[in-house]
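We did not get these values from a lab; they are worked out from the coordinates using the rules stated. Since the structure is predicted, the reported quantities are computational estimates derived from the model, not experimental observations. Neighbour counts run over all protein chains shown; Cβ positions are idealised from the backbone, glycine included.
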């Protein structure tokens with residue numbers, strides 16, 4: 001057994017409301033996307049009010065190559081990751097020297113040495129701290145990071161693990177990409193950093209108990225979600241059938257996971273799902289036969305922050321813990337989808 005002892009988040013300085021984002025898209029793509037006005041409801045139907053970005057609006061008006069984007073990513077991801085990690089350590093009542101293992105998750109920036117190495121210096125972690133960077137799992141990465149922390153804690157019950165997920169999705173915007181996928185991303189993605197402290201069974205502190213984890217890979221689905229790597233940077237890949245896949249598979253996948261613990265979907269008290277978008281949440285709601293209020297937390301995070309890829313599920317977790325704390329009782333589900341196509345889920349004791 002392991003426990004999620006604390007969760008904290010951080011956002012960059014540039015705050016953009018959805019009306020501003022829509023005006024930017026209209027300015028940027030007028031004349032280059034023939035049916036632009038027909039597509040503009042993407043912004044009003046996204047279920048988003050505000051988002052945060054690591055670069056100011058004028059930065060997005062000009063092209064930047066991968067080298068420029070990577071430099072900005074390293075600087076801002078290090079700063080934001082350190083802020084989120086510091087807050088998580090404070091919440092858990094721990095010092096940097098107490099961390100035995102750090103896992104860093106991201107998909108939106110490239111750095112070698114990776115950001116976890118930089119965090120060791122910035123936070124003052126021990127020189128013998130173990131570290132693992134996880135790249136490429138997209139929106140599923142946050143849940144996967146928690147899963148990796150859990151399995152490490154099973155083998156090392158005295159370990160305290162710092163999991164950091166930081167994504168600067170805005171850096172993947174391509175001014176000359178007139179695809180619908182790029183417009184969807186412009187309406188949906190935001191930037192954010194998050195951190196969680198996971199403790200093994202022999203560590204102190206109350207928290208959500210991680211009882212089990214599950215990974216699910218969908219064969220022959222490489223084209224559903226991901227990036228195409230261009231000289232200008234990372235070009236988003238979105239398949240329209242993502243909500244359909246969720247609605248068709250979620251009940252069977254999650255049901256099978258719960259069945260191994262003698263549980264059913266109706267037994268869950270909290271659905272801490274990654275809010276990939278309004279249609280994805282609607283697909284979950286339909287597939288799992290949920291009432292709308294059962295997905296209030298993911299919807300609130302989507303409304304206030306947009307989709308921040310792997311970091312987003314930590315924002316949902318933080319909000320849950322702020323409102324309820326640990327020790328409420330019952331069971332909850334953490335789950336997220338990502339490139340592959342895949343899902344990562346955790347069963348937690350509340």
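Which one, 336, 266, 19, has the greatest fluctuation when you compute a Gaussian network model over the chain with C-alpha springs under 10 angstrom?
266
Please give the length that would be gained between residue 252 and residue 239 if that part of the chain were fully extended, namely 0.36 nm times their separation in residues minus their C-alpha to C-alpha distance (nm, one decimal).
Numbers: separation 13, 0.36 × 13 = 4.68 nm, distance 2.15 nm.
My answer for the length gained is 2.5 nm.
Which of rounded, prolate, oblate describes the stretch 204-254, given a ≥ b ≥ c as roots of the alpha-carbon gyration tensor eigenvalues and a/c under 1.5 marking rounded, otherwise prolate only if a/b is larger than b/c? Walk me through the intermediate numbers first.
Working: a/c = 3.12, a/b = 1.52, b/c = 2.05.
The shape class here is oblate.
Rank-order 56-62, 96-102, 11-17 by packing density, defined as the average count of other C-beta atoms within 10 Å over each peptide's residues, highest first. Don't skip to the answer; put the middle values down first.
Numbers: 56-62: 12.1, 96-102: 19.1, 11-17: 16.4.
Result, highest mean first: 96-102, 11-17, 56-62.
Mind running the shape call on the stretch 240-350? Use the C-alpha gyration tensor, a ≥ b ≥ c as the square roots of the eigenvalues: rounded below 1.5 for a/c, prolate if a/b tops b/c, oblate otherwise. It would help to have the intermediate numbers written out before the result.
Details: a/c = 1.59, a/b = 1.06, b/c = 1.50.
Because a/c hits 1.5 or more and a/b fails to exceed b/c, the stretch 240-350 counts as oblate.
Name all residues of the stretch 299-333 having a backbone nitrogen under 17 Å from the label point set 7 Å from the Cα of residue 1 along its Cα→Cβ direction, giving them as ranges.
Residues passing the 17 Å test: 326-333.
Project the alpha carbons of the chain onto their principal axes and report the range along each, largest first, in whole Å.
61, 47, 37
Report the extension gain between residue 267 and residue 222 in nm, rounded to one decimal, defined as 0.36 nm multiplied by the number of residues separating them, less their alpha carbon distance. Intermediate results must be reported in sequence, preceding the final value.
Values: separation 45, 0.36 × 45 = 16.20 nm, distance 3.31 nm.
Fully extending the segment from residue 267 to residue 222 adds 12.9 nm.
Above 30 angstrom, tally the Cα pairs of the stretch 75-234 and express them as a % of all pairs, no decimals. Could the numbers behind the result be given before it?
Values: 2718 of 12720 pairs.
Roughly 21 percent, rounded to a whole number.
For helix 296-305, what angle does its Cα long axis make with the longest principal axis of the chain, in degrees from 0 to 90 and rounded to 10?
So the helix axis and the longest Cα principal axis differ by about 50 degrees.
Give me the one-decimal nm value for the distance between modelled label points at residue 231 and residue 13, 7 Å along each residue's Cα-to-Cβ direction.
Between residue 231 and residue 13, the simple spin-label model gives 3.3 nm.
Connecting C-alpha atoms closer than 10 Å in a GNM of the chain, tell me which of 38, 26, 130 has the biggest fluctuation.
The residue that fluctuates most here is 38.
Mind running the shape call on the stretch 144-261? Use the C-alpha gyration tensor, a ≥ b ≥ c as the square roots of the eigenvalues: rounded below 1.5 for a/c, prolate if a/b tops b/c, oblate otherwise. Intermediate values should be presented prior to the final figure.
Working: a/c = 2.93, a/b = 1.58, b/c = 1.85.
Oblate, because a/c is 1.5 or more while a/b does not exceed b/c.
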